[in-house]
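These notes are about the structure you will find just below.
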Amino acid sequence: MSFNESRPLIAIAVLGSVVASLTVARPVASQEPDDQTAHYEVQRPLPHPLHIPTTYQRGIANGTRSESGMPGPQYWQQWAEYDIDAKLDPAARRLDGTANIVYYNNSPDTLAVLWVHLHQNLHAEGAARGEEVEVTGGMMLSRVSVDGVELTHADPDSIGYHVFGTRMLISPPAPVAPGTTVEIAFDYSFIVPQAGAGNRMGYSGDDFYFLAYWYPQMAVYDDLEGWHFDLFTGNAEFYAGFARYDIEIEAPSDWLIVATGELQNPERTLSATVRERLATAANSDEIVPIVTPAEFGRGSTWAEAGASIRWHFVADSVHDVSASVTRASNWDATRTPVGDRDGDGSIDYALINSLYRNSAPFWKEAARYSQHSIAFLSEYTGYSYPWPHMTAVEGGGIIGGGMEFPMMTLIGDYNERGQERLYMVVAHELAHMWIPMIASNNERRYAWLDEGTTTFNENRAREDFFPGRDHDSQDRDEYVELALRDREGEILRWSDYHYPGAYGVASYEKPSTVLLALRGVLGEETFIKAYHEFWDRWAFKHPYPWDFFNTFEDVSGRDLDWFWSAWYQETWTLDQAIGEVRLLEGGRAEIEIIDEGLVPMPVDVVVTREDGSTERHEVPVDVWLRGAVRTFVATQSGAPIARIDLDPELDFPDVDRADNGWPEASSGQ
């Protein structure tokens, strides 16, 4: 689930082989005040070189990626245009649809096969999945054609199509050459599961549907690995290509539909009164009620009477579409500033929508939460929210936490968790609009890149909305607790292949915590500069982890391989400590700093004197990278020392803070 509602040190002897492999001991600079000599003994494992996959190295060689983290001069990506026409029968809980896809082969490769995702097949009999689900039969296909040629279910080596669980392999009548297009058409239907696709879509009672994972979707063919056709097992989420969507959804006339994209036929679907309210909201900083449950089914609400209404939406440069179908929801709207996204010198705005039923009273504040989150994150990331609206939808009975889609998010009612938790999940899901919606990474394999980054962004939004608190503490504590039980997995492990119980921390809490540590290493100014550069470089493209790493190194001008290796490639832990403190004349002191963990990090030493003055020292990470496990800091003269703290701002996730303070264990307490 996108919003994670859950939220002994490694012995050096275990890694003795690493130490033994070091044939040449490098000198370790000592800060020992009495002799200032150099030691030459390597006393700890050193970070392994960062593993760069062969496919990424090939991308650099081919010019589609770069060592600086920018897209290479030969970067390319595919494109598609979807035309989807669907009919929802709420009484029968059935959706029938037609999908026509024009697929653009922008790659330099000739495509002999095409891969398509059929996510609803998670609910087919016998499908491979990681959890129990309702078996509905999955997606039933009545027609598949390529360039007008109707295909049959055939052997994978023959012209036709073959279905493998949630994947479809199409062998077209002719290969798709570079620079050409192919048109694929489907007629399909499925029974809507109550809480489908891992509680990400479905229905609640007899008054609400949320459509997602609801049409055949092209798999990604990218510059590094070609086709990505990993199974959808109900856990890890997207990897999808950018496209233009033109969708029409037919539903009974007493149902209201809001979807990804802009409504193309408001005059035929919404009454003049509702359209006027929306126009007011688009120019208002206050929350405007658009529709109340009492108005459903009345002629004053919908423009056309009759058995059904067709709703038409268009969305450009998105990699998915979803829709809320309701006959009992409140609809609130307002606007929020997103910065100057078109460069004309004036502030631009996005429409904020909130849809919720009366059974979810905390949702009366959801539009305000969305308003703040989109405005704040547009500024914090340095990349303006690019789409016309952002819609938060209450889906109690389907979902407990939250799930993101372009311009849309589905969130539980939060009746049992309260108002502040609702803000948190709204901020989290809306932060996903930057990743994976703007920067489209592969969540099936690297969920941490979007979930961890989104959790970090959520915490920054929370700091702004609820100032004066440590909003990173829960993530930090949950990571430390799992690490101390020796139960975590490497962040870089593929998402669907984590150890039992390790996925959440490796995808959410730890990478968010590590980003905070990276900010501590680089400093706020450099971190933000690199962070903004990442969004600028990879907006509407497909970044891999190494693009993220290389961008930070490029902007900061620092080799950070030791950081990526120790935090992302290993499950090492950080444990800095104050050892012996020798108090000398004149208020001076010699402070022993011990590194009892395996992760090398700089040490921020803060000395507080009895007169209230402070003195800061930094032990550079190079001390540990040369192989030392202890060093010394000499203070200046001054008033008597009252206390000494390591990392008092809590930038780094030290697994044992009891020894980070002197004279008592007070640092971070």
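The values are calculated or read from the model by the stated rules, or taken from the named source; none is laboratory data. Computed from a predicted model, the values in this text were never measured in an experiment. Reconstructed Cβ throughout: ideal geometry from the backbone, glycine too, with neighbour counts over all protein chains shown.
Taking Thr152 as the residue in question, decide whether it is buried (at least 23 other Cβ atoms within 10 Å of the Cβ) and among the β-branched types (Val, Ile, Thr). For Thr152, the condition - buried (at least 23 other Cβ atoms within 10 Å of the Cβ) and among the β-branched types (Val, Ile, Thr) - is not met.
Gly137 satisfies every condition listed in (1) modelled with pLDDT under 95; (2) part of a loop (DSSP other than H, G, I, E, B) except (1). Arg537 satisfies every condition listed in (1) over 23 Å from Tyr383 (Cβ atoms); (2) in contact with a Pro (Cβ under 7 Å, 6 or more places away or on another chain); (3) among the basic types (Lys, Arg) except (1). Please enumerate the residues belonging to segment 532-547 that are surrounded by 17 or more Cβ atoms within 10 Å (Cβ to Cβ) and assigned to a helix (DSSP H, G or I). Within segment 532-547, Glu533, Phe534, Trp535, Arg537, Trp538, Pro545, Trp546, Asp547 meet the criteria. Tell me the residue from Thr614, Thr631 that is in contact with a helix residue (DSSP H, G or I) (Cβ under 6 Å, 6 or more places away or on another chain) and hydroxyl-bearing (Ser, Thr, Tyr), please. Checking each option against the conditions leaves just Thr631. Within the option set Val521, Val555, Val514, being under 16 Å from the mean Cα position of the chain (by Cα) and more than 18 Å from His432 (Cα to Cα) holds for one residue only, Val514. Considering segment 268-291 alone, what residues qualify as being out of contact with any Asp or Glu (no Cβ under 9 Å at 6 or more places or on another chain), assigned to a helix (DSSP H, G or I), modelled with pLDDT of 95 or more and over 15 Å from Thr391 (Cβ atoms)? Once the filter is applied, which keeps residues that are out of contact with any Asp or Glu (no Cβ under 9 Å at 6 or more places or on another chain), assigned to a helix (DSSP H, G or I), modelled with pLDDT of 95 or more and over 15 Å from Thr391 (Cβ atoms), segment 268-291 yields Glu276, Arg277, Ala279, Thr280.
Can you work out which of the residues in segment 613-635 that are surrounded by fewer than 17 Cβ atoms within 10 Å (Cβ to Cβ) and in contact with an Asp or Glu (Cβ under 8 Å, 6 or more places away or on another chain) is farthest from Asp647 (Cα to Cα)? Filtering first and then ranking leaves Ala634.
Please determine whether any residue of segment 129-139 is surrounded by fewer than 16 Cβ atoms within 10 Å (Cβ to Cβ) and touching a Gly at 6+ places or on another chain (Cβ under 6 Å).
Filtering segment 129-139 down to residues surrounded by fewer than 16 Cβ atoms within 10 Å (Cβ to Cβ) leaves 130-132, 134-135, 137.
Add one more test, that the residue is touching a Gly at 6+ places or on another chain (Cβ under 6 Å), and what stays is 130-131.
Among the residues of segment 129-139, at least one is surrounded by fewer than 16 Cβ atoms within 10 Å (Cβ to Cβ) and touching a Gly at 6+ places or on another chain (Cβ under 6 Å), which makes the answer yes.
Can you go through Glu267, Glu276, Glu295 and tell me which one is more than 30 Å from the chain's Cα centre (by Cα), acidic (Asp, Glu) and buried (at least 17 other Cβ atoms within 10 Å of the Cβ)? Don't jump to the end; show me each part of the working.
Numbers: Glu267 fails: buried (at least 17 other Cβ atoms within 10 Å of the Cβ); Glu276 fails: buried (at least 17 other Cβ atoms within 10 Å of the Cβ).
It is Glu295.
For segment 77-89, name all the residues that are more than 13 Å from Asp246 (Cβ to Cβ) and crowded, with 19+ Cβ neighbours inside 10 Å.
Taking segment 77-89 as the starting set, the residues that turn out to be more than 13 Å from Asp246 (Cβ to Cβ) are 77-79, 87-89.
Across segment 77-89, the qualifying residues are Gln77, Gln78, Leu88.
Given the structure, is Ala566 more than 31 Å from the chain's Cα centre (by Cα) and either buried (at least 18 other Cβ atoms within 10 Å of the Cβ) or not assigned by TED's automatic domain parsing to the domain that holds Asp472 (or both)? Answer is no for this residue.
Looking only at residues in segment 157-172 that are among the small types (Gly, Ala, Ser) and in a strand (DSSP E or B), the one that is nearest to Asn105 (Cα to Cα) is Ser171. For first residues located in segment 638-666 and at positive phi and in the same structural domain as Glu590 (by TED's automatic domain parsing), partners that are of a type in the set (D, E, K, R) and in a loop (DSSP other than H, G, I, E, B) and lie 6+ apart or on another chain with Cβ distances below 7 Å form the pairs Leu650/Asp470.
Listed here are the residues, each with its yes/no results for (1) touching a Phe, Trp or Tyr at 6+ places or on another chain (Cβ under 6 Å); (2) among the acidic types (Asp, Glu); (3) over 28 Å from Val318 (Cβ atoms).
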site	(1), (2), (3)
Leu484	no, no, yes
Tyr503	no, no, no
Ser512	yes, no, no
Trp546	yes, no, no
Asp559	no, yes, yes
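I'd like to check something: does segment 46-56 contain any residue that is at pLDDT below 95, not in a loop (DSSP other than H, G, I, E, B) and not hydroxyl-bearing (Ser, Thr, Tyr)? No, every residue in segment 46-56 fails to be at pLDDT below 95, not in a loop (DSSP other than H, G, I, E, B) and not hydroxyl-bearing (Ser, Thr, Tyr). Tell me yes or no: at least one residue of segment 169-191 is at pLDDT below 95 and surrounded by 14 or more Cβ atoms within 10 Å (Cβ to Cβ). No, segment 169-191 contains no residue that is at pLDDT below 95 and surrounded by 14 or more Cβ atoms within 10 Å (Cβ to Cβ).
For segment 499-510, name all the residues that are assigned to a helix (DSSP H, G or I) and not β-branched (Val, Ile, Thr). Quick ask: steps written out before the conclusion?
Step one: list which residues in segment 499-510 are assigned to a helix (DSSP H, G or I), which gives 503-510.
Hits for segment 499-510 are Tyr503, Gly504, Ala506, Ser507, Tyr508, Glu509, Lys510.
Residue count for segment 298-327 satisfying the condition of being surrounded by fewer than 18 Cβ atoms within 10 Å (Cβ to Cβ), farther than 17 Å from Glu262 by Cα and touching a Gly at 6+ places or on another chain (Cβ under 8 Å): 1.
In segment 389-498, counting only strands (runs of 3 or more DSSP E) that sit wholly within it, the ones holding 2 or more residues that are more than 17 Å from the chain's Cα centre (by Cα), of a type outside the set (A, V, I, L, M) and farther than 30 Å from Trp546 by Cβ span 389-394.
The conditions of being under 16 Å from Val258 (Cβ atoms), surrounded by 24 or more Cβ atoms within 10 Å (Cβ to Cβ) and among the acidic types (Asp, Glu) are met by Glu394.
Hey, among Trp624, Trp567, Trp572, Trp562, which residue is aromatic (Phe, Trp, Tyr) and within 30 Å of Ala240 (Cα to Cα)? Steps first, please.
Numbers: Trp624 fails: within 30 Å of Ala240 (Cα to Cα); Trp572 fails: within 30 Å of Ala240 (Cα to Cα); Trp562 fails: within 30 Å of Ala240 (Cα to Cα).
Criteria check complete, one pass: Trp567.
In a residue-by-residue description of segment 302-311, the property of being within 16 Å of Ala392 (Cα to Cα), part of a loop (DSSP other than H, G, I, E, B) and of a type in the set (Gly, Ala, Ser) applies to no position.
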